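The values are calculated or read from the model by the stated rules, or taken from the named source; none is laboratory data. Owing to the predicted nature of the structure, the values given are computational and were not obtained by experimental measurement. Cβ: placed from backbone, ideal geometry, glycine included. Neighbour counts: every protein chain shown. Protein only, heavy atoms only, side chains kept; ligands, DNA and RNA dropped before computing areas. Shrake-Rupley method; radii C 1.70, N 1.55, O 1.52, S 1.80 Å.
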Amino acid sequence: LALMCATPFCATPAAAQDLPPRKAGLWEIKMTTEGHGMPPNTSEHCIDAATDKLMSSMGDNMRQDMCSKRDVKKVGNTIVVDAVCKFGPMTITSQSVASGDFNSAYSVKVTTKREGGPVIPGMPADGKSSMSIDAKWMGACKADQKPGDMIMAGRKFNIRDMQNAPGM
């Protein structure tokens with residue numbers, strides 16, 4: 001999930017061409033999951049045009065195989081993504097609503113409903129969850145960062161390395 005959350009539409013099946021590009025530089029991404037008692041997760045992403053597009057497109061093939069519905073539409077100043085995807089015995093129905101300018105800040109509200117599969121520890125028993133993603137552009141990447149670098153939970157890795165990992 002953390003890798004999918006690197007993109008503006010955390011874990012949603014929008015194709016890369018449907019997503020607005022983010023401004024190159026350093027982005028701070030704060031993810032808050034409601035009703036789980038977990039603290040917000042904050043990460044940093046150093047991007048350029050190529051790595052932003054890579055982050056958005058990494059899951060496209062998986063999503064095409066797993067998602068029976070992938071509707072993306074612009075509604076006023078927002079982008080709304082409605083999806084139905086199957087992950088093993090689970091079916092996830094989601095809606096993501098994104099707003100912002102993708103040059104200085106954006107936010108995404110994601111609501112999901114999980115059906116089927118085993119109960120997941122820490123997840124609501126009714127299968128419903130909500131997540132908020134708030135991102136802001138921080139300026140140029142730091143001197144020790146290169147495009148594709150992500151810092152999550154104190155660990156630094158590059159999205160290009162993930163691209164070559166087995167199963168990606």
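On the stretch 73-130, 62 percent of the accessible area sits on carbon and sulfur atoms, based on a 1.4 Å probe. The Cβ shell under 11 Å around Ser129 holds other residues with a net charge of +1, Lys and Arg each +1, Asp and Glu each -1. Rolling a 1.4 Å probe over the protein heavy atoms gives the stretch 59-152 an accessible area of 55 Å² per residue. Does the stretch 85-168 come out rounded, prolate or oblate, given a ≥ b ≥ c as the square roots of the eigenvalues of its C-alpha gyration tensor, rounded meaning a/c under 1.5 and, failing that, prolate meaning a/b above b/c? It is oblate, given that a/c is not under 1.5 and a/b is not larger than b/c. Using the Cβ of Cys141 as centre and a radius below 15 Å, the other residues enclosed give a net charge of +1, where K and R count +1 and D and E count -1.
When each of the peptides 145-156, 116-127 is scored by how many other beta carbons lie within 10 Å of its residues on average, the order from highest to lowest is 145-156, 116-127. Each peptide in 50-57, 89-96 receives the mean, over its residues, of other Cβ atoms within 10 Å, and ordering these scores from highest gives 50-57, 89-96. Give Lys30/Lys86; Lys109/Lys136; Lys73/Lys113; Lys23/Lys69; Lys86/Lys136 a once-over and call out the pairs whose C-alpha atoms are over 24 Å from each other. Pairs exceeding 24 Å: Lys30/Lys86; Lys23/Lys69; Lys86/Lys136.
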